Amino acid sequence: MCVESDGCEIEGCSSSDEVQTLSGSMSPALKSTAELHPCKPGHKFRAALMRCRTPTAAAGILSFGNVLNYMDRCTVAGVLLDIQRHFDVSDSRIGLLQTVFICSFMVAAPIFGYLGDRFNRKVILSCGIFFWSIVTLSSSFISKEYYWLFVLSRGLVGIGESSYSSISPTIIGDLFTNNSRTMMLSIFYLAIPLGSGLGYILGSGAKEAAGDWHWALRVSPLLGITAGALILLFVPEPKRGSADQGGRVKARSSWCCDMKALAKNRSYVCSSLASAAVSFATGAFGMWIPLYLYRAQVVQKTAEVCSKDICSSKDSLIFGAITVVTGLLGVAIGLAATRLCRQRTERADPLVCAVSMLGSAIFICLIFVVAKKSIVGAYVCIFIGETLLFLNWAITADILMFVVIPTRRATAVAFQSFTSHLLGDAGSPYLIGLISDALQQSYATSVLWQFLSLGYALMLCPFVIVLGGMFFLATALFFLDDREKAEKQLSLMTRPPSTVTVLTETTFQWGDTAYGGQETNNQL
């Protein structure tokens, strides 16, 4: 049996177990029998709660929260045409929604990364979820005269979601290691395509059911509040680095030192730039592909120009379903391919990412070739291209865990997020809309030219994806050296405190040369 820190006897534990309190501290395994007393009802509840705080349960709850993060993000894209008609704005102004969201997201990410390396992470996560849930719910009541306020609300949502994306992967990194960590991170990052696809489906479905697009923004906040409560109750706060080297990290560096080390980490820099290319493409696609396919059907005369208050959501639903399926396939194929390739080369992680990126660019380019003639052909190209693109999400996170020590992982995740959004989806939706508007100026009333101009603007994405593949190839060159450096530094930081280095002889210096001095490790 085990005892809680107040001496309450808890059944179902062995004498060697430890019990974690709600505050996250670890209590001694066993107290003397004389100090024990029967558990009160409240103590039994706390004991049951502690038994539910398993690493697997924590990873599942964090993955659920990540699904909600991306679901809320893409709900707006699922009803984008309705929002554009409601507020009566152009392509470039509607693209501003995603740009403002991402800009606030990336500016807040370094702040939360700093906090996540130094304070209680699960409290920060829960507060962030509660914040964006309340703001999203409030934004559904904004009238059409205040489009600027709706844009501002998306910026505030970005701040709340930034806390989650920056910190939650580091908790999983401290709960698991090696292949287990790769698998759990794969499940966690499966939430990106899964949540994105469900966001399109949720937005379109809620709009159709209620007859009003505003209801699309009133479902995910309720789920978000539930996720925040689950994190507070069931997710532990592991010691940073507890899963690495079998011990706890004993040293911590300053923020400036962390930033200098990350800037010199070539694998980290190259993989962050590659992530920016992925974000550029996914941000532009998530915002514009449903509208692009709708315009393609208008050109093919299989759909009519929307003149109703509630427009058809068929393309958003199909695109959302494809995103969910391709996300599942991409993460599963990425996990299997990485495990298989690790048996042949230690550079498997970045090489798998590079090959998938280059293959994705080919099929994404084909979308704009076949869309004018065949919507089915466009969907097939989207399916293959997205599968290859989503293949690298979890692998990129695992690369970071290999080459960055635990005490600066939250900062590393935050600045990788900052970089990928700054150079990626912070500007890509607005840039695509701006190019589309510029191309439409000569033939503004032409339905064909509206379709072609958006397609020409989206053709920028395959070229950026190829650039990202090149950065992953560069990551493969430096990966082994940077991983070895991180392992050596971590072994020094986890050295037992009872072992110290002393000098057995006197050391003296003459000019630039030191004489004498012999280092030995003594046990105190």
Contacts under 7 angstrom Cβ, first residue in the range 208-232 being farther than 12 Å from Leu62 by Cα, partner at pLDDT 85 or above and among the aromatic types (Phe, Trp, Tyr), 6 or more apart: Ile225/Phe130
Selection status of Pro38, surrounded by fewer than 18 Cβ atoms within 10 Å (Cβ to Cβ) and modelled with pLDDT of 50 or more: yes
Any residue in the range 119-131 that is small (Gly, Ala, Ser) sitting within a Cβ distance under 6 Å of a residue that is open to solvent by less than 60 Å² (accessible area, probe 1.4 Å)? List the pairs, counting only those 6 or more apart or interchain. Ser126/Gly228; Ser126/Ile231; Gly128/Gly160; Gly128/Ser163; Gly128/Tyr164
When you look at Tyr114, is it over 24 Å from Leu317 (Cβ atoms), under 23 Å from the mean Cα position of the chain (by Cα) and in contact (Cβ under 8 Å) with a residue 40 or more places away in the chain, yes or no? yes
Would you mind telling me which numbered condition in (1) assigned to a helix (DSSP H, G or I); (2) at pLDDT below 85; (3) charged (D, E, K, R) Arg154 fails? (2)
Reported set for the range 451-494 where residues are among the polar types (S, T, N, Q) and touching a residue at least 40 places away in the same chain (Cβ under 8 Å) is Thr475, Gln489, Ser491, Thr494
Does at least one position in the range 80-91 carry a residue that is charged (D, E, K, R) and over 21 Å from Gly286 (Cβ atoms)? yes
Are any residues in the range 110-125 at pLDDT 80 or above and either within 13 Å of Gly158 (Cβ to Cβ) or hydrophobic (A, V, I, L, M, F, W, C) (or both), and if so, which ones? Ile111, Phe112, Leu115, Val123, Ile124, Leu125
Qualifying residue in the range 338-347 (condition: assigned to a helix (DSSP H, G or I) and crowded, with 19+ Cβ neighbours inside 10 Å): yes
Given (1) out of contact with any Asp or Glu (no Cβ under 8 Å at 6 or more places or on another chain); (2) within 24 Å of Asn120 (Cβ to Cβ); (3) at pLDDT 60 or above, index of the condition Arg46 fails: (1)
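Results for (1) surrounded by fewer than 21 Cβ atoms within 10 Å (Cβ to Cβ); (2) farther than 30 Å from Leu317 by Cβ, shown as yes or no for each residue.
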{"position": "Arg154", "(1), (2)": "no, no"}
{"position": "Ser166", "(1), (2)": "no, yes"}
{"position": "Thr182", "(1), (2)": "no, yes"}
{"position": "Ile201", "(1), (2)": "no, no"}
{"position": "Glu208", "(1), (2)": "yes, no"}
{"position": "Thr226", "(1), (2)": "yes, no"}
Which of the residues spanning the range 211-224 are buried (at least 21 other Cβ atoms within 10 Å of the Cβ), of a type in the set (Gly, Ala, Ser) and farther than 24 Å from Ile124 by Cβ? Ala216
With respect to the numbered conditions (1) of a type in the set (Gly, Ala, Ser); (2) open to solvent by less than 10 Å² (accessible area, probe 1.4 Å); (3) without any contact (Cβ under 8 Å) to a residue 40 or more places away in the chain, which one is the sole condition not fulfilled by Gly327? (3)
Enumeration of residues in the range 391-447 that are over 17 Å from the mean Cα position of the chain (by Cα), surrounded by 24 or more Cβ atoms within 10 Å (Cβ to Cβ) and polar (S, T, N, Q): Ser428, Ser436
Number of the condition not met by Thr136 [criteria: (1) crowded, with 19+ Cβ neighbours inside 10 Å; (2) modelled with pLDDT under 85; (3) of a type in the set (S, T, N, Q)]: (2)
Filter pass, Gly128 being surrounded by 23 or more Cβ atoms within 10 Å (Cβ to Cβ), at pLDDT 85 or above and either β-branched (Val, Ile, Thr) or out of contact with any Leu (no Cβ under 8 Å at 6 or more places or on another chain) (or both): yes
Please go through the range 362-375 and pick out each residue that is hydrophobic (A, V, I, L, M, F, W, C) and either under 22 Å from the mean Cα position of the chain (by Cα) or surrounded by fewer than 16 Cβ atoms within 10 Å (Cβ to Cβ) (or both). Ile362, Val369
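The values are calculated or read from the model by the stated rules, or taken from the named source; none is laboratory data. What you see is a predicted model; the values in this text were computed from it and never measured. All Cβ positions, glycine included, derive from the backbone under ideal geometry; neighbour counts span all protein chains shown. Keep in mind that these areas ignore ligands, DNA and RNA; they rest on the heavy atoms of the full protein, side chains included. Shrake-Rupley method; radii C 1.70, N 1.55, O 1.52, S 1.80 Å.
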